[in-house]
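In what follows, a structure is listed as C-alpha cells, so that the remarks can point back to it.
The values are calculated or read from the model by the stated rules, or taken from the named source; none is laboratory data. Here the structure is a predicted model, which is why all the values come from computation and not from measurement. Backbone-built Cβ (ideal geometry, glycine too); neighbour counts: all protein chains shown.
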Amino acid sequence: MASDILDYHILHLPHDPSSITLHLPSYKSFRLFSLQTSPRSFGSTHARELAFSDEEWSSRLTNPAANTFTASASSKAQENENGSPQTLCSNTILGPLPYSPTSYSADPNPWNAISQSIHTLTDRDLFAAASRPLHFRINGVFTHPSARGKGLAKKLIDESLSFAKSWAAERGEGEAVVSIIVDSDNPAAVGLYRKAGFKLVKEMELAPREDGSVRDALFMTLRLDAEKF
Ligand SMILES: CC(C)(COP(=O)(O)OP(=O)(O)OC[C@H]1O[C@@H](n2cnc3c(N)ncnc32)[C@H](O)[C@@H]1OP(=O)(O)O)[C@@H](O)C(=O)NCCC(=O)NCCS
C-alpha cells in the first residue's frame, strides 16, 4: 500500500437532502463492495442490497437514527472515476434504539427497529422512544482491503463512540451503552472491538447464512458512563 494512504479525511455524513445527493453514490458503492468482498462478515448480502431501490438507499442516510462515518483518501491520485475521493473505511452507529442491550432476542438487524416512519421521525421522538440507558449499535464496519492495519476502523469506532457520548450528554443522560454483534470466526473484527474497549456479554447463534452454515456470534458492549463524558 502506498504511504500516502495515511493521508485521509473523516466525514460524518450529513442528513440533509442536498448533501445526500452528493454522498449517496460513494456510500452505496462502498457498501456493496463490502458485502461482495466480505460476504461472511455481515448479516446482509450483496444480492439483497443490490436490489434496494434509490429510496431505500437514501433513507439509510436521511434516517436521523443512523449516523455514518467514513474515512476517504485525500490524495487526488486515489479519486474515483467520477472525481469523488476513494472511501477507505466506513461504519454506521444506529440509535438510540427502542430496545435495551439485554434484549438479546431482539432482531439482530437494528435497521429494522429504526426504519419505520423515518420521514416524520425527529430527535425528540427518538429520545422519547429510546430504552434506558440509551442503547446504540455499531454496524457495517468495513475497511478497504488495501487500507487495513492502519488504524482506520479503530479511528471510526472512536468517532462513533464520541458521537454517542455527545448525543447522550446533550440530553442530560448520564450513561449510554454501545453494542456490537460480531461473528466468532472473525478474529480481525473481534480484535478491533476488544481494542476499542468492548467486552463480551454473551455468545449467541444467529440465523444461518443463505448457504446454510451456522453463525456463532459474540454480543459485546461498551458502557459510556458519566465519568467518561
Ligand atoms: C475488521 C476490520 C474492519 C479491521 O479494520 P482495520 O482498519 O484494518 O483495523 P485497524 O487497523 O483499525 O485495527 C485496530 C485494531 O484491531 C485489531 N485488528 C485489526 N486487524 C486485525 C487482525 N487481522 N487480527 C487481529 N486483530 C486485528 C488490532 O487490535 C488492531 O490494533 P493494533 O493494530 O494496534 O494491534 C477489517 O479487517 C475488515 O474490514 N474486515 C472485513 C469486514 C468485517 O469483518 N467487518 C466487521 C463486521 S462485524
- Within the set of pairs 6+ apart or on separate chains, which have a first residue in segment 4-27 that is touching a residue at least 60 places away in the same chain (Cβ under 8 Å) and farther than 10 Å from Ser72 by Cα, a second that is in a strand (DSSP E or B) and of a type in the set (A, V, I, L, M, F, W, C), and C-beta atoms under 7 Å apart? His12/Phe69
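Each row is one residue, and each column tells you yes or no for (1) within 16 Å of the ligand (Cβ to nearest atom); (2) of a type outside the set (A, V, I, L, M, F, W, C).
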residue: Ala176; (1), (2): no, no
residue: Phe198; (1), (2): yes, no
residue: Lys202; (1), (2): yes, yes
residue: Glu210; (1), (2): no, yes
residue: Leu222; (1), (2): yes, no
- Message: With the requirement that a residue be of a type in the set (A, V, I, L, M, F, W, C), assigned to a loop (DSSP other than H, G, I, E, B) and over 26 Å from Phe219 (Cβ atoms), what does segment 16-63 give you?
- Response: Ala51, Phe52
- Message: Being more than 16 Å from the ligand (Cβ to nearest atom), crowded, with 16+ Cβ neighbours inside 10 Å, more than 25 Å from Gly191 (Cβ to Cβ) and polar (S, T, N, Q) is the requirement here; does Asn67 meet it?
- Response: no
- Answer with yes or no whether Glu159 is on the phi < 0 side of the Ramachandran plot, more than 18 Å from the chain's Cα centre (by Cα) and away from the ligand (no atom under 11 Å from the Cβ). no
- Of the residues that make up segment 40-48, is at least one under 23 Å from Ser162 (Cβ atoms), at pLDDT 95 or above and within 16 Å of the ligand (Cβ to nearest atom)? no
- Query: Got at least one residue in segment 151-163 being surrounded by fewer than 19 Cβ atoms within 10 Å (Cβ to Cβ), of a type in the set (Phe, Trp, Tyr), in contact (Cβ under 8 Å) with a residue 40 or more places away in the chain and more than 15 Å from Ala196 (Cβ to Cβ)?
  - Reply: no
- Item | Filter result for Ala189 (over 30 Å from Ala128 (Cβ atoms) and under 17 Å from the mean Cα position of the chain (by Cα)) | yes
- Query: Condition test on Phe142, is it within 16 Å of the ligand (Cβ to nearest atom) and in contact (Cβ under 8 Å) with a residue 12 or more places away in the chain?
  - Reply: yes
